[in-house]
Structures are given as C-alpha cells and as structure tokens.
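The values are calculated or read from the model by the stated rules, or taken from the named source; none is laboratory data. For clarity, every value in this text was computed on a predicted model and none was experimentally measured. Glycine gets a Cβ as well: all are built from the backbone with ideal geometry, and neighbour counts include every protein chain shown. The area values use the complete protein model at the heavy-atom level, side chains included, leaving out ligands, DNA and RNA. Shrake-Rupley method; radii C 1.70, N 1.55, O 1.52, S 1.80 Å.
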Amino acid sequence: MADKKARLTVDGLDDVIELPVYSGTEGPDVIDVRPLTGQGLFTYDPGFVSTAACESKITYIDGGKGVLLHGGYPIEQLAENSDYLEVCYLLLNGELPTPEQKEEFVSTVKRHTMIHEQMNHFFNGFRRDAHPMAIMVAVVGALSAFYHDSLDIDNAHHREVCAYRLIAKMPTLAAMCYKYSIGMPFQYPRNDLNYAENFLHMMFGNPCEEYKPNPVLAKAMDKIFLLHADHEQNASTSTVRLAGSSGANPFACIASGVAALWGPAHGGANEAVLTMLEEIGDEANIPDFIERAKDPEDSFRLMGFGHRVYRNFDPRAKVMKQTCDEVLAELGIENDPMLKIAKRLEQIALEDEYFVKRKLYPNVDFYSGIILKAIGIPTNMFTVIFALSRTIGWISHWSEFHSSPNKIGRPRQLYTGPSKRDYKK
Ligand code: CMC
C-alpha cells in the first residue's frame, strides 16, 4: 500500500530515515512515522493538527473546499434526498439501504426505543436543575449495566445490536433529561411516529392529550440530526476510538464521547451561541463584542464561528441556514430580537477583515442553535441533541475500529519537566 517514500535527515543521525507514504482515495497522503520509534524519535503534533490517527472509510472532509462526504455521498445531497435513519444505515454499513433494508432497519430501531424501566430511578438521584449533559454522561454509561447480553466487542452481531440500541435509546434518554428537569412525567416512545416526530413527542407531549408533531419542525429536527451525524476524527469521535481501543464496552465508550462533546469548543458551541446572543442583548452592543473577539488579550470568541477543518465554509451551515429560514417562516418569528442580533452578527463578521482573513465563517452550530430555540428546546438541551445525533458517528467509528486488527491508543510526549533528581531527606 506504500506508493511513495519520504526521506528524513536528522542532525546527529548518519542514516537517512525512509518512511512509507500512503495515499487514500481522497485527501492528503500520509507519512507512516512508525519507523521513527526504532531511531529513538517521536513526532510532535499537539492538537493533532497534522496527524492521521487511523484509517477510515466512513467520512471524508475537505476543509479547504468545504466538502463533507459520508460513504462518498455529499452532505448536501443526503440532506436533500435522504433522512437521518438512512444516513445512520449508510454510516454503519458503508452503503445506502435498499427500500427493504431501510424498512427493516427503521423497524428494528423502533423496537429498541424503550429504556429498561429500572433506569428511570437513576434520574431521581439528580437535582432537577442538573445540566442535562451531566445526566446524559451518567445514564449513557449506565446502559452497560442493563444490556449485558451484547457486550462481546469481538462479536459483529453484538456490535450491531449495541448500535441499534444506542441509535434507538438516545432520543428517549435525551427527552427524559428534559422532562425530569421540568418535573413532567416521562413519555414512552410512539412507534406510529418517525424518528424525529417521536423525539418531539417525547420532548413536548404529555399523557393527557395526543401530541401532533408539526411536519416542518419534525423535518428540521431530522435535518439537525442528519447534519450532525458524523464528522470523522473530531475530538469526541477520537475519544470514543481511544476509549474503545482499551476494550472498554461500547456504552462506556459512547459516554466518553458525550463528555468530550460537552466542551464549548466542540458540541457545547450551539448552547454557547445562544448564551452569547443573550449576553449581547441588543444590536447596539455588537461592535463591542466584535472588538472583544478580535482582541488577542481577551479570551472571548464569537461562538458559532470558525472551524478547525473548514477554512472556506461549513457545508452543513449552508443547509442549516436554509432550514433555519423555513422554521422561522413556519413559526412566524422572523422578527425575534435574538434572531435579529444573530443575523446582524453574521453579516458583520462576514464582512469584517479580521474574520475574512482568518476564514472564520458561521459554522453549523450557529444556525442549529437558532432553530432549536425557535422549536422551543431549552438552551441547555442543545448539546444533548448534538450528542444524540452524533451517536451514530461514534458507534460507526467504534465498530470500524473493532472490525479490523487494532492496537490500544497510546500517544507519546515531549517531556519538559525536571530531569531525574534525588529526594532530599
Ligand atoms: N472568534 C474570534 N477569533 C477566532 C475564532 C472565533 N470564533 N475562532 C478562531 N479565531 C481566531 C484565533 O484567535 C486565531 O487568531 P490568530 O491567528 O490571530 O491567533 C485564528 O482565528 C485561528 O484560530 P485557531 O484557534 O488556531 O483555530 P482552531 O482550529 O484551533 O479552532 C475552533 C477552531 C472551532 C475551536 C475555533 O474557531 C473556536 O473556538 N470557535 C468558536 C467555538 C465554535 O463555534 N465551535 C464549534 C465548532 S463546529 C462544531 C463541531 O464540529 O464541534
């Protein structure tokens, strides 16, 4: 598989070190640096800016061109023609399903949406004002205490069952977090509804009357799930792969992904966008916040802007912006003051030299936060919704990792602490 070679000379070493170079189907070639260890050298790449940590067939991103492909299919085409569960199938299996395969997949997911009744008691242990992500980390990890029958990670069927369970149960758990926080009874899933409609029912329904999901909002919800489904080796997915590399059970690995996602530089950004818009409060205050974002002495950043990989535009943000307009029109709230601030901020940032020069465009979370707020989802649930959407990406990567020969992940370091010294008695 090594098509080419890289040659490295290092001061103090006589020999030129030859390193194999591999080409993927798309994207930059990678230099296999493993022979360096034999020469007493490590590579140094904090933040994994230029390190390919694995080989993968699931998702491809070209950040410079704003391209995102799942199984080779552009995200814009999937968003237009497909739906979340179909994309789940694609991520798990590498191919889009036939109509029969899709029907079977959807029906299998539907048959796994309920949560073990005993799990309800877990929620009672939390304060009602706990952050729902804190509850999610705990209850997702707790799934491993209930579903022992499918924990053999070397068994392909067990891995598949775990994937079904996770796809099916995450919306139920997410909605339970919300219902618990407002003191309302949990809603059992409904099999007559589709995935997104069922989630809205579990979030906003109550036992006293039948909930009728708004089709425009359900479609927007499905699009949010779909656009967040996978994003190759981001921080949370890499966390899941690393946790999985130790042989930890899948539910524990996904819980580690939920934890990694929570940070504001990653999945917490959609919540941070709304908090920032509230803090700005008025269009008149925007220039001050823009100045703060540009000030290198100030840690404040414009939330929902910029991306490690996309240096042109985020293709998901384009679709999300369109969905955002549809939702606002459906709900007749185009004049919401918060949205006005968001639109003005977007316009100023797109024109300001600081942002233009650094290629800081609105990312997917800028618009998804606005849509979720319009749908009536509380801000602290935003990252939970990202977690439920990304679960398919996490479990697909976890499964891919275990489907081929693998090694425990163990990064090295550049040690700059004290050299060996003696303890003085
Ligand atoms: N506001 C102001 N300045 C920014 C921002 C921002 N949002 N993002 C980057 N910069 C500046 C940064 O200060 C740096 O400037 P300089 O070159 O003068 O030092 C330059 O742009 C490059 O930034 P960086 O920190 O090297 O970029 P990164 O790749 O390490 O960070 C990021 C990427 C997403 C963490 C960052 O852009 C950020 O913090 N954005 C806000 C949080 C956010 O919206 N995150 C969601 C990402 S999309 C969802 C997901 O995939 O998780």
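Details
- Only one of 220, 235 that is under 17 Å from residue 317 (Cβ atoms) and at pLDDT 95 or above: 220
- Residue within the stretch 288-296 that is within 9 Å of the ligand (Cβ to nearest atom), surrounded by 14 or more Cβ atoms within 10 Å (Cβ to Cβ) and not in a helix (DSSP H, G or I) present: no
- Only listed residue being closer than 20 Å to residue 238 by Cα, of a type in the set (D, E, K, R) and without any contact (Cβ under 8 Å) to a residue 60 or more places away in the chain, chosen from 15, 62, 11: 62
- The lone criterion from (1) modelled with pLDDT of 90 or more; (2) within 8 Å of the ligand (Cβ to nearest atom); (3) open to solvent by less than 40 Å² (accessible area, probe 1.4 Å) left unmet by residue 320 is number (2).
- Complete set of residues in the stretch 252-271 that are more than 7 Å from the ligand (Cβ to nearest atom), open to solvent by 10 Å² or more (accessible area, probe 1.4 Å) and under 21 Å from residue 286 (Cα atoms): 271
So that you can scan it fast, the table gives a plain yes or no per residue for (1) of a type in the set (Asp, Glu); (2) open to solvent by 20 Å² or more (accessible area, probe 1.4 Å); (3) within 14 Å of the ligand (Cβ to nearest atom); (4) more than 25 Å from residue 238 (Cβ to Cβ):
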{"position": "324", "(1), (2), (3), (4)": "no, no, no, yes"}
{"position": "338", "(1), (2), (3), (4)": "no, yes, no, yes"}
{"position": "352", "(1), (2), (3), (4)": "yes, yes, yes, yes"}
{"position": "361", "(1), (2), (3), (4)": "no, yes, yes, no"}
{"position": "377", "(1), (2), (3), (4)": "no, no, no, yes"}
{"position": "387", "(1), (2), (3), (4)": "no, no, yes, no"}
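- Condition check for residue 278: at pLDDT below 95, of a type outside the set (Phe, Trp, Tyr) and surrounded by fewer than 22 Cβ atoms within 10 Å (Cβ to Cβ): yes
- In the stretch 396-425, the residues that are in contact (Cβ under 8 Å) with a residue 24 or more places away in the chain and either open to solvent by less than 100 Å² (accessible area, probe 1.4 Å) or assigned to a helix (DSSP H, G or I) (or both): 396, 397, 398, 399, 400, 401, 402, 403, 406, 409
- Among the residues listed as 248, 235, the single one being within 16 Å of the ligand (Cβ to nearest atom), open to solvent by 10 Å² or more (accessible area, probe 1.4 Å) and either of a type in the set (Gly, Ala, Ser) or free of Cβ contacts under 8 Å to residues at least 12 places away in the same chain (or both): 235
- Only listed residue being in contact with a helix residue (DSSP H, G or I) (Cβ under 8 Å, 6 or more places away or on another chain), in contact (Cβ under 8 Å) with a residue 12 or more places away in the chain and open to solvent by 70 Å² or more (accessible area, probe 1.4 Å), chosen from 120, 194: 194
- Flag if residue 311 is outside any helix (DSSP H, G or I), in contact with a helix residue (DSSP H, G or I) (Cβ under 9 Å, 6 or more places away or on another chain) and open to solvent by 50 Å² or more (accessible area, probe 1.4 Å): no
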